[in-house]
Amino acid sequence: MKKRIFSLLMLSMMAFGMVSAQNQPTEQVSYTFNPHWFIQLQGGAQETLGEAKFFDLVSPTAQVEVGYQFTPVWALRLGVNAWQSKGGWGEGTAGAWGLSHNTYKWNYVAPAVDVKFNIINAICGWNKDRWFGLNVIAGAGVNFAQNLDDAADIYAIDPLLLQHYRTGTSIMPFGRFGLDFDFAVSSRVSLNLEAMAHVLNDHYNGKHTDNADWYFNALAGVKIALGKTYNKHVTVIEPEPVVVPEPEPEPEPEPVVEVVEPFRCNVFFKINKTVAEAPELAKVAELAAYMQKYPECKVTLSGYADKGTGNAKINARLSEGRVNYVANILRNEYNIDADRIYTEFKGDTVQPFAENDANRVTICITK
């Protein structure tokens, strides 16, 4: 007995616990993108396109940018790329002119404005937990080049070697494009790899070859968001109240609706008569009794004359007299209100019956 009571108690507690758990409010969490400022700090190498070997024209470069991420897809940034560029010839050319080296370098500062387009977010949609991003970058800026003293010895040997040797600062606009790879470390910090190509005036490297000059940057660094990158939204969903169903009331009996069938009778007349004989008067009495039993009903009295006798004028008068005869009996002898009686007379224009003599009639139909 004790075991049974204990089991029942445990089951009751479990049931109560399940109901309580079901009645607890739940939270629905969602996230939305938050526009924010960011900075990028990068360093790497630059290769200036030229005649010398690839690695002979590699020089250090650095870049700092400040930008604003308007949407998960579009961003705008303003930055400065600076440090060093190189120019040069092939080793054979340098030796032929008696040069001790075949490269020369100068310093530059290049501010630029870039537009960034996030391909991943554009295709797959924004996701706060995505750890990889890929941006296409396009921009333009101005390159301020100076300190070409390294090429002074070359120019002194033969000015034609450097047709556009610069002793001061040269200013050249440029366009650039490239790719930017982001690897998220946290919601605000990501490691960054960037590859950019720059195109400038033919005179940038000090030589004239009737071709645009190019330099390429490979950079690595860090990107830091200066604010929240997303907003968290918590919606509390209240449980539906537990409703104990009440016993359904006994259905009320449907009211009995009495179906009233319309009453119809045909009061026939002799030829050229507007007064009915005794058997027909009994029909009028039945009609009056029906209308007294159902005070809401109305009656339509339609008078006719046979087409086989008389003429249209006589038959019109006969049909009107036959209708008025029945209507007067209902009003005067049985006290049926006049507004419950509708009359019409058709003369011989309509013949409701196939037999000619049967059309000497008043048809009475209730509704």
Within region 55-73, residues surrounded by fewer than 18 Cβ atoms within 10 Å (Cβ to Cβ), out of contact with any Lys or Arg (no Cβ under 9 Å at 6 or more places or on another chain), under 23 Å from PHE132 (Cβ atoms) and not hydrophobic (A, V, I, L, M, F, W, C) come out as THR71
Please enumerate the residues belonging to region 273-297 that are of a type in the set (Lys, Arg) and either within 23 Å of GLY347 (Cα to Cα) or touching a Lys or Arg at 6+ places or on another chain (Cβ under 8 Å) (or both).
-> LYS273, LYS283
Tell me, please, whether a residue that is within 14 Å of ALA276 (Cα to Cα), of a type in the set (Val, Ile, Thr), part of a helix (DSSP H, G or I) and in contact with a strand residue (DSSP E or B) (Cβ under 7 Å, 6 or more places away or on another chain) can be found in region 347-362.
-> no
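One residue is enough: does region 75-91 have a residue meeting the conditions within 25 Å of GLN40 (Cβ to Cβ), in a loop (DSSP other than H, G, I, E, B), at pLDDT 95 or above and of a type outside the set (Gly, Ala, Ser)?
First pass over region 75-91, keeping only residues within 25 Å of GLN40 (Cβ to Cβ): 75-86.
Okay, now just the ones that are also in a loop (DSSP other than H, G, I, E, B), so none.
No: region 75-91 contains no residue that is within 25 Å of GLN40 (Cβ to Cβ), in a loop (DSSP other than H, G, I, E, B), at pLDDT 95 or above and of a type outside the set (Gly, Ala, Ser).
Provide a single number: the residues in region 261-281 that are free of Cβ contacts under 8 Å to residues at least 40 places away in the same chain and buried (at least 18 other Cβ atoms within 10 Å of the Cβ). Write out each step before concluding.
At the first step, the residues of region 261-281 found to be free of Cβ contacts under 8 Å to residues at least 40 places away in the same chain are 261, 277-280.
With buried (at least 18 other Cβ atoms within 10 Å of the Cβ) added as a condition, the list becomes 280.
The total comes to 1.
Give VAL222, VAL189, VAL199 a once-over and let me know the one that is modelled with pLDDT of 95 or more, farther than 21 Å from ALA75 by Cα and not aromatic (Phe, Trp, Tyr).
Working: VAL222 fails: farther than 21 Å from ALA75 by Cα; VAL189 fails: farther than 21 Å from ALA75 by Cα.
The conditions single out VAL199.
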Which residue pairs have Cβ atoms under 6 Å apart, sit 6 or more places apart or on different chains, and have a first residue in region 234-259 that is in contact (Cβ under 8 Å) with a residue 12 or more places away in the chain and a second that is open to solvent by less than 100 Å² (accessible area, probe 1.4 Å)?
-> VAL234/VAL29; VAL236/PRO25; ILE237/THR26; GLU238/PRO25; PRO239/ASN23
Pick from region 352-367 the residues that are within 11 Å of VAL299 (Cβ to Cβ) and surrounded by fewer than 19 Cβ atoms within 10 Å (Cβ to Cβ): which of them is nearest to the chain's Cα centre (by Cα)?
-> LYS367
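Anything in region 282-303 that is aromatic (Phe, Trp, Tyr) and part of a helix (DSSP H, G or I)? List them, or say none. Give the derivation first.
The initial filter retains those residues of region 282-303 that are aromatic (Phe, Trp, Tyr), namely 290, 294.
TYR290, the sole residue that qualifies.
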Scan of region 187-218 for residues that are under 42 Å from the mean Cα position of the chain (by Cα), open to solvent by 60 Å² or more (accessible area, probe 1.4 Å) and of a type in the set (S, T, N, Q), ordered by number = SER187
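Would you say THR229 is of a type in the set (Ser, Thr, Tyr), touching a strand residue (DSSP E or B) at 6+ places or on another chain (Cβ under 7 Å) and crowded, with 18+ Cβ neighbours inside 10 Å? Spell out how you get there, then give the answer.
Details: of a type in the set (Ser, Thr, Tyr): yes; touching a strand residue (DSSP E or B) at 6+ places or on another chain (Cβ under 7 Å): yes; crowded, with 18+ Cβ neighbours inside 10 Å: yes.
Here the answer is yes, as THR229 does meet what is asked.
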Across region 125-151, which residue is nearest to ASN217 (Cα to Cα) among those that are open to solvent by 50 Å² or more (accessible area, probe 1.4 Å), modelled with pLDDT under 95 and hydrophobic (A, V, I, L, M, F, W, C)?
-> PHE144
GLU258, sole failed condition from (1) open to solvent by 100 Å² or more (accessible area, probe 1.4 Å); (2) out of contact with any Gly (no Cβ under 9 Å at 6 or more places or on another chain); (3) of a type in the set (D, E, K, R); (4) modelled with pLDDT of 90 or more = (4)
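So is ASP357 acidic (Asp, Glu) and touching a residue at least 60 places away in the same chain (Cβ under 8 Å) or not?
Spelling it out, ASP357 is indeed acidic (Asp, Glu) and touching a residue at least 60 places away in the same chain (Cβ under 8 Å).
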Considering only region 21-44, how many residues are open to solvent by less than 40 Å² (accessible area, probe 1.4 Å) and either within 19 Å of VAL109 (Cβ to Cβ) or free of Cβ contacts under 8 Å to residues at least 24 places away in the same chain (or both)?
-> 4
Residue match in region 313-332 (condition: over 18 Å from ALA276 (Cα atoms), open to solvent by 70 Å² or more (accessible area, probe 1.4 Å), more than 60 Å from the chain's Cα centre (by Cα) and not acidic (Asp, Glu)) = yes
Quick one: which residue in THR300, THR343, THR349, THR309 is open to solvent by 20 Å² or more (accessible area, probe 1.4 Å), polar (S, T, N, Q) and out of contact with any helix residue (DSSP H, G or I) (no Cβ under 9 Å at 6 or more places or on another chain)?
-> THR300
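The values are calculated or read from the model by the stated rules, or taken from the named source; none is laboratory data. Keep in mind that this is a model prediction, so the values were computed, not measured. Heads up, the Cβs are rebuilt from the backbone with ideal geometry, glycines too, and the neighbour counts pull from every protein chain shown. These area figures cover heavy atoms from the full protein model, side chains too; ligands, DNA and RNA do not enter into them. Shrake-Rupley method; radii C 1.70, N 1.55, O 1.52, S 1.80 Å.
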